[in-house]
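Reviewing the structure listed below.
Only the coordinates and a few stated rules stand behind these numbers; no lab work does. The structure displayed is predicted, hence computed values, not measured ones. A quick note on method: Cβ atoms are made from the backbone with ideal geometry, for glycine too, and the neighbour counts reach across all protein chains shown.
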Amino acid sequence: MSDIDVKPDTIAKPKIEQPRLHKVILINDDYTPREFVTAVLMMVFHMSEDQAYRIMMTAHQRGACVVAAFTRDIAESKATEGTNAGRQNGHPLEFTTEPEE
């Protein structure tokens, strides 16, 4: 046998990247009732009434507000669900998505 220590080759572990998150954004409009927006936020995003009210008011005052961040598929699904809830009730309620930076 040899006197030289032989170390096994280092095993490189592949880096697993977290999926990029996408923001769901509530767009303010002047027609959808505040109570309806709050109810949609509670239903679609499972928020408390207080959380939903604060997000609705932020969107009302600033024109838009980030509701939450999810993986792309979930963000798009929730944005579509919220927008469709508005349309089904005759309101121009709109949610959009965009990638987080």
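Treating each Cα of segment 21-99 as one equal point scatterer and applying the Debye formula with no solvent, the log10 of I(q)/I(0) at q = 0.11, 0.15, 0.17 Å⁻¹ comes out as -0.22, -0.42, -0.55. Proximity of backbone amide H atoms, modeled 1.01 Å from N, is registered between Glu94 and Ile27 at under 5 Å, excluding neighbours fewer than 5 places apart on the same chain.
Ranked by the mean number of other Cβ atoms within 10 Å of their residues, highest first, the peptides 55-61, 23-29 come out as 23-29, 55-61. For segment 9-61, the convex hull drawn through the C-alpha positions has a volume of 113 cubic angstrom per residue. Structure remark: mean-square fluctuation, Gaussian network model of the chain, C-alpha springs under 10 Å; the largest value among Glu49, Glu81, Glu17 belongs to Glu17.
Here the chain is treated with +1 on each Lys and Arg Cβ and -1 on each Asp and Glu Cβ, and its dipole about the Cα centre works out to around 140 debye.
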